[in-house]
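Please treat every number below as a calculation from the coordinates, not as lab data. These figures come from a predicted structure and were not determined experimentally. No Cβ is skipped: glycine too gets one built from the backbone with ideal geometry, and neighbour counts run over all protein chains shown.
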């Protein structure tokens, strides 16, 4: 029997109905076998979005052939973890359970790279491929309410069991965007180290890289591992943002910070140095609520054999930093003239309620130490090597809202302005001002406007 040939308008109406009909009882792919004509129309829709797990990853390349790879626009990868005991939400995750979960996570990462590394760039979609990793919490039910699972896993992240094995696997060059959803109420959290290790294997993922370091102080042991993972990323990135997604840790005292940050006196700050290197390949760079040193901006010493760093692409640099450094040393001191009428009750309305042991000094940090002058000097030296820089923000995360300290360099409509604002009357040293005056003169042939104010809205 000869195939029925519809006019193009009717044909597209039928396709649209099949795509949009919410009541159809089977997948679009069932229609592909009707004829070659139907197959050519249906397959681009069937393979545009792939829902994969470990099992389907192992079969991926036998189904998604070279011709079909050009249709793939989005891969949604579900990581299935071993099913927990129904009542295990009532107690903490055990070491054995954590190991099993991490092994399952590692297996998916390996299968993903092994499968997708076989895709040639020329075979991929012309607009690239986005991959989303999704690790759902255990399903909601009478015996295991979802809210209880959320509370149980808030203090846990999925990690790699063998980072070296991931590093040795080939890259997946067709993936142009990596997305890790940050909805902690519906899914497990993924280690920032694992995300960076995966990103290093995706050289075409150059657009937006937003990294969640879940509760950076709780998982501070990852600091050096994160530095290593970042050092593996060698491709340029348009928008890079690393942040502590929980936040709230800036109301700690420096003493408490020392206990959790785990950098001993004299220990090298490898993370700040790794962030410094990666910032030189970025257009928009931001770090938020992560304790760093001034070496994120400029090295304290440069070997004679090395040239000064240079940021040829950087347009924006933003650093929202904690009031202590990676060794737990305070960057700000308590204000001796602080108003003692500020109560802990009032503070709890503005931020996470501090514990009863919170020291008074943690709520009145205001006076900049000499380290802040060094930070501004390092920033100026870096800005001299940023020829297309339009904006730089350096803002201290002080609490409560009665205290603030910030800096902004901004180029707009033929003028360059450096603004310092603080609640303590901070004034940059002459050496700092001298270096900042050089920045627009070198890069833009402009004179610098300097503003020193106590207006917290100025930055």
- Among 85, 402, which comes first, second and so on when ranked by fewest other beta-carbon atoms within 10 Å? 85, 402
- Gyration tensor verdict on the stretch 147-200 (Cα atoms; rounded if a/c is under 1.5, prolate if a/b is larger than b/c, oblate otherwise): oblate
- Query: Contour minus end-to-end for residue 391 and residue 37, with contour as 0.36 nm per residue of separation and end-to-end as the Cα-Cα distance?
  - Reply: 122.0 nm
- Item | 15 Å cut-off, amide nitrogen to a point 7 angstrom out along residue 80 Cα→Cβ, residues in the stretch 40-68 | 51-60
- More than 15 Å apart: what percent of Cα pairs in the stretch 43-108 qualify? 62
- Note on the structure: A student asked for the Cα radius of gyration and Dmax of the stretch 47-205 in angstrom ought to give 16.4, 51
- Query: How would you order 439-450, 413-424 from highest to lowest mean count of nearby Cβ atoms within 10 Å?
  - Reply: 413-424, 439-450
- Computed label-point distance, nm, for sites residue 179 and residue 49 using a 7 Å Cα→Cβ extension: 0.9
- Most packed first (mean Cβ within 10 Å per residue), the peptides 276-286, 40-50 order as 276-286, 40-50
- Note on the structure: Length gained, residue 417-residue 458, 0.36 nm per residue minus C-alpha separation, equals 13.6 nm
- On full extension of the chain, what length is gained from residue 306 through residue 210, given 0.36 nm per residue of separation minus the C-alpha to C-alpha distance? 31.5 nm
